[in-house]
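Heads up, the thing below is written out as structure tokens.
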Amino acid sequence: MTICTLTEQAKKQVNILCEENNCFAVSLNLTGGGCAGFQYDWDSVEKEEDVEKMDIVINTGSGNFVIGAHSIMFLAGTEVDYVKSFVGQTFEIRNPNTKSECGCGVSINFDMDKLDNSLATAV
């Protein structure tokens, strides 16, 4: 198992975002907050020099996807997809470590036993 995988559609969208915003990468992290305890935090990384030493960088072609070092254990085994539907388009995160999530799909809670197992098999 890898720390995080991106579908082809997600890679294409990361490339588009990096090109349109003239940035090095799209980043995904976790922060405390939201109704379930944690929330996904999307951002951009302007330059390669802005990547921290222990962050994970996944090359997507003409762009990059960065996972912050402090979020790695929570995202082990996660798949990121980019989906389009009649009502819109969004990155969809399939995280096997979640215990529960808010209806918005941004706020999540974790099963600590799953975290231990996912991290052990990802490294």
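The values are calculated or read from the model by the stated rules, or taken from the named source; none is laboratory data. Bear in mind the structure is a predicted one, so any value in this text is a computation, not a measurement. Cβ placement follows ideal geometry from the backbone for every residue including glycine, while neighbour counts extend to all protein chains displayed.
Yes or no: region 97-119 includes at least one residue that is modelled with pLDDT of 95 or more and in a helix (DSSP H, G or I).
To start, the set of residues in region 97-119 that are modelled with pLDDT of 95 or more comprises none.
Among the residues of region 97-119, not one is modelled with pLDDT of 95 or more and in a helix (DSSP H, G or I), which makes the answer no.
Can I93 be described as modelled with pLDDT under 90, β-branched (V, I, T), assigned to a strand (DSSP E or B) and touching a strand residue (DSSP E or B) at 6+ places or on another chain (Cβ under 9 Å)?
Details: modelled with pLDDT under 90: no; β-branched (V, I, T): yes; assigned to a strand (DSSP E or B): yes; touching a strand residue (DSSP E or B) at 6+ places or on another chain (Cβ under 9 Å): yes.
Considered against the rule, which asks whether it is modelled with pLDDT under 90, β-branched (V, I, T), assigned to a strand (DSSP E or B) and touching a strand residue (DSSP E or B) at 6+ places or on another chain (Cβ under 9 Å), I93 comes out as no.
Taking region 38-54 as the region of interest, how many residues are in contact (Cβ under 8 Å) with a residue 24 or more places away in the chain and in contact with a Cys (Cβ under 6 Å, 6 or more places away or on another chain)?
Total satisfying the criteria: 1.
Six or more apart or on different chains, Cβ under 6 Å: which pairs go from a residue in region 11-37 that's within 12 Å of I108 (Cβ to Cβ) and touching a residue at least 24 places away in the same chain (Cβ under 8 Å) to one that's among the aliphatic types (A, V, I, L, M) and outside any loop (DSSP other than H, G, I, E, B)? Could you list them?
A36/I108
Restricting to region 1-57, count the residues that are more than 23 Å from G103 (Cβ to Cβ), of a type in the set (V, I, T) and assigned to a strand (DSSP E or B).
5
With the requirement that a residue be acidic (D, E) and free of Cβ contacts under 8 Å to residues at least 40 places away in the same chain, what does region 55-83 give you?
Let us first name the residues in region 55-83 that are acidic (D, E), namely 55, 79, 81.
The one that is acidic (D, E) and free of Cβ contacts under 8 Å to residues at least 40 places away in the same chain: D55.
Identify all residues within region 43-56 that are touching a Phe, Trp or Tyr at 6+ places or on another chain (Cβ under 8 Å) and either modelled with pLDDT under 95 or crowded, with 17+ Cβ neighbours inside 10 Å (or both); write none if there are none.
Across region 43-56, the qualifying residues are V45, V51.
Would you call I72 within 15 Å of T5 (Cα to Cα) and in a strand (DSSP E or B)?
Working: within 15 Å of T5 (Cα to Cα): yes; in a strand (DSSP E or B): no.
It is false that I72 is within 15 Å of T5 (Cα to Cα) and in a strand (DSSP E or B).
Report, by residue number, each residue of region 36-59 that is of a type in the set (D, E) and over 24 Å from R94 (Cβ atoms).
Pass one, region 36-59, residues of a type in the set (D, E): 41, 43, 46, 48-50, 52, 55.
Passing the criteria: E46, E48, E49, D50, E52.
So which residues in region 69-85 are more than 17 Å from N97 (Cβ to Cβ), touching an Asp or Glu at 6+ places or on another chain (Cβ under 9 Å) and among the hydroxyl-bearing types (S, T, Y), if there are any at all?
We begin by selecting, within region 69-85, every residue more than 17 Å from N97 (Cβ to Cβ); these are 82-85.
When the remaining residues are screened for being touching an Asp or Glu at 6+ places or on another chain (Cβ under 9 Å), the result is 82-83.
Scanning region 69-85 gives a single hit, Y82.
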